[in-house]
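**Student:** Quick one: structure below, then a few questions.
The values are calculated or read from the model by the stated rules, or taken from the named source; none is laboratory data. Values in this document were obtained by computation on a predicted structure and should not be read as measured data. With ideal geometry, Cβ positions are generated from the backbone for all residues, glycine too; neighbour counts draw on all protein chains shown. Accessible surface areas use protein heavy atoms only, side chains included; no ligands, DNA or RNA. Shrake-Rupley method; radii C 1.70, N 1.55, O 1.52, S 1.80 Å.
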Amino acid sequence: MAAASLSGPVNILELQNGRGNKIPSSVLLLQMCRQNKEVKQLHSQLIISGLILRPPNAARLLESYVGVSETDDAFLLFKSSIQSPDTFAYNVMIRGLILSKRPKGSLLLYEQLLSEGLVPDSHTYTFVLKACSHLKAILQGKQVHAQIIKTGIGPNTHVCSSLISMYSYAGSMESARQVLDEYYKDNNDICPLNSMITGYMNEGLVEKAKEIFDTMENKDTATWSAMLSGYTKNGMHDVALVTFQKMMSYRVPLNESSLVCTLSACGELGALDQGRWIHTYIINKREIVMSVNLGTALVDMYAKCGCIEFSYQLFKNMPQRDVVTWGVIISGFATHGQAKKCFQLFDEMIESGVKPNGVIFVAILSACSHAGQVGQGCRYFDQMVHQFGIRPSIEHFGCMVDLLGRAGRLAEAEQLILSMPEEPNSIVLGALLNACRIHNDVERGRYLFKRLINLEPSLDRYKLAASLFANNGEGYEIRKLVKDEDLVARCGLSNIQVDGVVHEFMVSDIANNRSRDIYEALGGLVDQ
């Protein structure tokens, strides 16, 4: 029966008494629900018929509410209609709270389950350990681990993977590895190894992750996806593309995660041809669903590769968008210097009922800064704090300092830094130092320079100070400091994709074996 067929009145009693029905028809219908209104209709019928009082039905109804992402309705049902919830009902509700990003609520329910004298099963432990992972609550995670050992439950592949993830997210890689080694005395499942790879990648231990990957006899899609995700998180975008190409050559089925990670790498490298190929692949493969997550990754890739108008067309054609999607397109237009478009999109997002997050305000404030819209930027900052209750992060303060500084309002920018609840980082102070250079405020710049070199004694900071102090006869002293500190300049890098291959170039690079052809094409000559 299609989900749409539930839109008309349903007589539960008739279905319940149908011939040959061993499973209650109400349960069968609940499993088919795809929308909240369908679950609510069956909920009403179950109440009218009295079938909700039968123990399995209320718990299955609870599961259906969670399945359509209506966690609040599920929790209300759990509290009001399930008199004595069993372990299954607790598991459903604990999982629902995790899915709705309320891991603290999951842990509280777990404690309630124990206080009721119920016995957790492997599903309970899997869900609770995920909650501990989200919270990086290693103390509670260790207590759950101890309870697993105490109850004598053999850790299956899901419990083992959850334990590894819990320890990894808390940064305790030795404990995660110990869990893996103990489990693999008698087992050879892939899932825990995948979790270990993810843990190492999240901690930046790329070589350790690769060591596990290279020694695995069997690899599934999740294994390859863990490597792709890890490479992109660690900024190794070129390696991610090579890994993706190997994955394709081995005919490993692609999933959403592998495609999203590869599109992210394409965007960072400007590998437009590879990104277009993936887009065509997604369109041609019927089994791949164009989800919000995947659509957002495509919008982001095209924007970062310079195709902002095509990116915008994709965005407009998406049937569903979340706050991340809006953030991606607003950030894209901000990067391309189209501040007015950012403001328009922000208004459209609010009208659509999507609440902005901190990332979106970073993009909006950045757009205001580059467009010189000081008043607009101040209004957005005030709106972020007082209307949407978002606590300003270091990135928001950096944008505001840059905005005020570029406009010559250096004293206001300095006062804003002094009002920050946390110590300013080198980016915030660097933004004000750059403003001092633009407006030739030597005295304020000298003070900021001293603070900056204590935080981050990079050549970029010295060069910025040298530019400021040159007119005051102090440029030589700065250059001498650079030489004495033996600081090395960070060369500018750029990427270009030719025939599907990404090439990386440094400033004044002549190491490339085709450098002469490149410079001649650009109208330059190679110094001999």
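**Student:** If I filter the range 112-120 for residues that are part of a helix (DSSP H, G or I), over 24 Å from the mean Cα position of the chain (by Cα) and among the acidic types (Asp, Glu), do I get at least one hit? Give the steps one after another, and end with the answer.
**Tutor:** Initial filter on the range 112-120 (part of a helix (DSSP H, G or I)): 112-115.
Checking which are over 24 Å from the mean Cα position of the chain (by Cα) leaves us with 112-115.
Then keep just the ones that are among the acidic types (Asp, Glu); that gives none.
The answer is no; no qualifying residue exists.
**Student:** If you don't mind, another one. Report, ordered by the first and then the second residue, all pairs with beta carbons closer than 6 Å, sequence separation of six or more or different chains, a first member in the range 78-102 that is under 14 Å from residue 125 (Cα atoms), and a second member that is open to solvent by 70 Å² or more (accessible area, probe 1.4 Å).
**Tutor:** From the range 78-102, the pairs are 91/123; 92/63; 98/130.
**Student:** Against the condition open to solvent by 20 Å² or more (accessible area, probe 1.4 Å) and within 15 Å of the chain's Cα centre (by Cα), how does residue 309 come out, does it pass?
**Tutor:** Working: open to solvent by 20 Å² or more (accessible area, probe 1.4 Å): yes; within 15 Å of the chain's Cα centre (by Cα): no.
So residue 309 fails the test.
**Student:** Determine which member of the set 20, 8 is more than 30 Å from residue 141 (Cβ to Cβ), modelled with pLDDT under 70 and open to solvent by 70 Å² or more (accessible area, probe 1.4 Å).
**Tutor:** The match here is 20.
**Student:** To continue, here is another question. How many residues does the range 47-74 hold that are of a type in the set (A, V, I, L, M, F, W, C) and either modelled with pLDDT under 80 or open to solvent by 30 Å² or more (accessible area, probe 1.4 Å) (or both)?
**Tutor:** Of the range 47-74, the ones of a type in the set (A, V, I, L, M, F, W, C) are 47-48, 51-53, 58-59, 61-62, 66, 68, 74.
Of the ones still in play, those that are also either modelled with pLDDT under 80 or open to solvent by 30 Å² or more (accessible area, probe 1.4 Å) (or both) are 47-48, 51-53.
Residues flagged as of a type in the set (A, V, I, L, M, F, W, C) and either modelled with pLDDT under 80 or open to solvent by 30 Å² or more (accessible area, probe 1.4 Å) (or both) within the range 47-74 amount to 5.
**Student:** Looking at residue 332, is it at positive phi and either touching a residue at least 24 places away in the same chain (Cβ under 8 Å) or crowded, with 19+ Cβ neighbours inside 10 Å (or both)? Step through it out loud before you land on a result.
**Tutor:** Numbers: at positive phi: no; either touching a residue at least 24 places away in the same chain (Cβ under 8 Å) or crowded, with 19+ Cβ neighbours inside 10 Å (or both): yes.
No; evaluated as a whole, the condition is false for this residue.
**Student:** Could you say which residue among 145, 134, 123 is free of Cβ contacts under 8 Å to residues at least 60 places away in the same chain, assigned to a helix (DSSP H, G or I) and surrounded by 20 or more Cβ atoms within 10 Å (Cβ to Cβ)?
**Tutor:** 145
**Student:** Taking the residues in the range 149-175 that are crowded, with 22+ Cβ neighbours inside 10 Å and of a type outside the set (S, T, N, Q) as candidates, determine which candidate is farthest from residue 199 (Cα to Cα).
**Tutor:** The extreme case among them is 159.
**Student:** Pick from 432, 455: which is over 22 Å from residue 366 (Cα atoms) and under 32 Å from the mean Cα position of the chain (by Cα)?
**Tutor:** Answer to the check: 455.
**Student:** Here is a follow-up. Being within 20 Å of the chain's Cα centre (by Cα), surrounded by fewer than 21 Cβ atoms within 10 Å (Cβ to Cβ) and within 19 Å of residue 325 (Cβ to Cβ): is that true of residue 294 here?
**Tutor:** Here the answer is yes, as residue 294 does meet what is asked.
**Student:** Also, I was wondering about something else. If you check 341, 316, 355, which single one turns out to be in contact with a Phe, Trp or Tyr (Cβ under 9 Å, 6 or more places away or on another chain), surrounded by fewer than 18 Cβ atoms within 10 Å (Cβ to Cβ), among the charged types (D, E, K, R) and without any contact (Cβ under 8 Å) to a residue 60 or more places away in the chain?
**Tutor:** 355
**Student:** Report, by residue number, each residue of the range 385-416 that is open to solvent by 40 Å² or more (accessible area, probe 1.4 Å) and hydrophobic (A, V, I, L, M, F, W, C).
**Tutor:** 385, 407, 411
**Student:** OK, next. Hey, any hits in the range 295-302 for a residue that's among the hydrophobic types (A, V, I, L, M, F, W, C), modelled with pLDDT of 95 or more, assigned to a loop (DSSP other than H, G, I, E, B) and in the same structural domain as residue 253 (by the TED database)?
**Tutor:** Among the residues of the range 295-302, not one is among the hydrophobic types (A, V, I, L, M, F, W, C), modelled with pLDDT of 95 or more, assigned to a loop (DSSP other than H, G, I, E, B) and in the same structural domain as residue 253 (by the TED database), which makes the answer no.
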